[in-house]
């Protein structure tokens with residue numbers, strides 16, 4: 001809510017009836033997830049809050065809603081203030097005869113793709129088919145362990161430019177297919193979804209916003225989170241079956257071996273839950289946390305500040321237990337958040353240290369070599385290799401900087417944001 005709105009609160013008369021936008025609701029443990037799919041805005045409300053939304057949605061006045069809730073709970077509730085909170089979230093279309101200003105909904109990727117077009121993505125038989133494919137590939141690898149990939153499989157050609165260009169093309173194609181799998185599955189559950197570029201620490205990633213999946217049943221939610229990993233494993237399994245039927249001396253075999261490794265390489269990254277990977281959202285769902293990353297980061301900052309004050313033998317405001325941001329959470333969330341904060345800090349430090357010690361020096365060395373390899377004295381092949389390195393490696397780093405800056409600007413205070 002803006003400062004102007006805070007100084008001039010939205011008038012809500014006791015006799016007013018409230019017209020709500022189309023909202024979805026789902027009970028989750030002792031709370032209710034309430035949200036508006038069009039704007040991808042969702043909140044967790046206690047049972048009494050969900051009941052208030054239900055009564056207001058039935059067309060009851062503010063006063064009548066308060067009376068019913070007082071009779072049901074014995075508590076005096078400020079329904080007018082509650083309506084203002086709902087309006088600030090974009091849940092209210094009209095209060096009495098006054099329309100409430102609305103924001104434009106975020107754009108969805110592939111808007112012409114409708115849920116009925118991709119309903120098969122949530123069919124219970126699909127995980128069974130993936131499992132059968134994995135078992136078949138496992139049986140082949142048991143008989144042919146020589147098909148297991150190694151790093152040399154990426155170097156399928158003596159020409160570095162070909163290795164880089166084909167690797168980049170195949171890798172980004174797999175990344176796009178991974179994200180499309182998330183989008184298609186979410187769309188099947190009625191969630192719009194949007195694919196865009198993002199950054200996670202030093203990594204340039206393609207990510208799919210499937211906000212709204214919170215309202216779906218658990219099986220649909222977990223399917224939407226895990227379908228990208230399932231796609232990578234399915235591609236790898238299909239490649240293993242194809243490798244078993246090709247001659248090891250052929251270029252096709254070498255290309256398939258490289259594709260197998262490219263399909264498997266993103267999977268270890270999924271275990272880096274401190275960067276909010278697919279498995280992070282599975283973990284968040286299974287632990288019942290609302291914002292595992294945000295709460296974990298807030299707790300880690302609190303511990304850091306507390307320890308720093310303790311070392312100085314001073315206790316500033318918020319230095320005791322009252323300043324612990326996890327104290328307001330339910331017990332099951334509090335335990336998960338505190339454990340996750342350890343993983344968050346340790347993983348982030350390890351990733352940044354690896355970047356400083358290995359990735360950054362390697363990138364700088366390759367780029368400098370590529371620059372020195374350009375010129376009339378290096379021949380056509382040498383210039384082509386150097387140009388490929390500059391385009392692929394330099395392009396990725398430039399794209400990371402542009403994406404990071406764009407997202408950083410979008411998060412600045414004062415900029416309009418939904419949610």
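Using the alpha-carbon atoms, what tilt in degrees (0 to 90, nearest 10) does helix 79-88 show relative to the longest principal axis of the chain?
With rounding to tens, the tilt is 30 degrees.
I need the calculated FRET efficiency for the pair residue 152 and residue 298, taking r as the beta carbon distance and R₀ as 41 Å, to the nearest 0.05.
0.35
Report the FRET efficiency, 1/(1 + (r/R0)^6), for residue 200 and residue 73, where r is their Cβ-Cβ distance and R0 is 35 Å, rounded to 0.05.
Once the sixth-power term is evaluated, E becomes 0.20.
At R0 = 35 Å, how high is the FRET efficiency between residue 242 and residue 396 if r is their beta carbon distance? Nearest 0.05 is fine.
0.75
With the crude spin-label approximation of a point 7 Å out along Cα→Cβ, what separation in nm comes out for residue 339 versus residue 176?
In this crude spin-label approximation the distance works out to 4.0 nm.
Can you give me the relative contact order of the range 106-273 as a percent, contacts being Cα pairs under 8 Å and 6 or more apart?
The value is 31 percent.
If you stretched the chain out fully between residue 287 and residue 307, how much longer would it get, using 0.36 nm times the residue separation minus the C-alpha to C-alpha distance?
Answer, rounded to one decimal: 4.5 nm.
Roughly speaking, what is the stretch gain from residue 367 to residue 331, that is 0.36 nm per residue apart minus the C-alpha to C-alpha distance, in nm to one decimal?
7.9 nm
For a quick check: sort 54, 72 by the number of other beta carbons within 10 angstrom, fewest at the front.
So the residues, fewest neighbours to most, are 72, 54.
Mind pulling the angle between the C-alpha long axis of helix 47-57 and the longest principal axis of the chain? Nearest 10 degrees, somewhere in 0 to 90.
Once rounded, the angle reads 80 degrees.
Compute the distance from the alpha-carbon center of the range 172-232 to that of the range 121-146, in whole Å.
If you average the Cα positions of each part, the centres end up 22 Å apart.
Cα centroids of the range 42-62 and the range 334-390: how far apart, whole angstrom?
51
Along the Cα-to-C-beta direction of residue 251, a point sits 7 Å from the Cα; which residues of the range 156-199 have their amide N less than 16 Å from that point?
Within reach of a label on residue 251, which here means backbone N under 16 Å from a point 7 Å along Cα→Cβ, the range 156-199 contributes 156-167.
Distance in nm between label sites at residue 404 and residue 22, each 7 Å beyond Cα in the beta-carbon direction?
4.1
By how many nm would the segment from residue 13 to residue 141 grow when fully extended, if each residue of separation counts as 0.36 nm and the alpha-carbon distance is taken off?
Full extension from residue 13 to residue 141 adds 39.0 nm.
Explain nothing, just the number: relative contact order of the chain, from Cα pairs under 8 Å at least 6 residues apart, as a whole percent.
Taking the mean separation of contacting Cα pairs over the length of the chain, I get 15 percent.
Taking the Cα atoms of the range 3-99 alone, what are Rg (to one decimal) and Dmax (as a whole number) in Å?
13.0, 37
Let me know the Kirkwood hydrodynamic radius for the range 195-285, please, with Cα pairs as the basis and the value in Å to one decimal.
Radius from the Kirkwood sum: 15.0 Å.
To test your reading of the geometry: what angle, between 0 and 90 degrees and rounded to tens, separates the Cα axis of helix 251-264 from the longest principal axis of the chain?
30
Scale the Cα Rg of the range 187-248 by the rule-of-thumb value 2.2 N^0.38 Å and send over the ratio, two decimals.
Compared with the compact-globule rule of thumb, the range 187-248 sits at 1.52.
Of 109, 341, how do they rank once you tally other Cβ atoms within 10 Å and put the fewest first?
109, 341
Using a simple spin-label model with points 7 Å from Cα along the Cα→Cβ vector, what separation in nm is obtained for residue 54 and residue 346?
So the label points at residue 54 and residue 346 sit 4.4 nm apart.
Taking Cα atoms of the chain, Rg/Rh with Kirkwood Rh, to two decimals?
1.04
P(r) of the range 106-273 in 10 Å steps, Cα pairs, percent per bin?
Going from the shortest bin to the longest, the percentages are 10, 33, 33, 19, 5, 0.
Of the peptides 216-226, 345-355, 257-267, how do they stack up when ordered by the mean number of other Cβ atoms within 10 Å, highest first?
Final packing ranking: 257-267, 216-226, 345-355.
Laboratory data are not the source of any read-out in this text; all were calculated from the coordinates shown. Everything quoted here is computed from the prediction, not taken from an experiment. For neighbour counting, all protein chains shown are included, and Cβ atoms are generated from backbone atoms with ideal geometry for every residue, glycine included.
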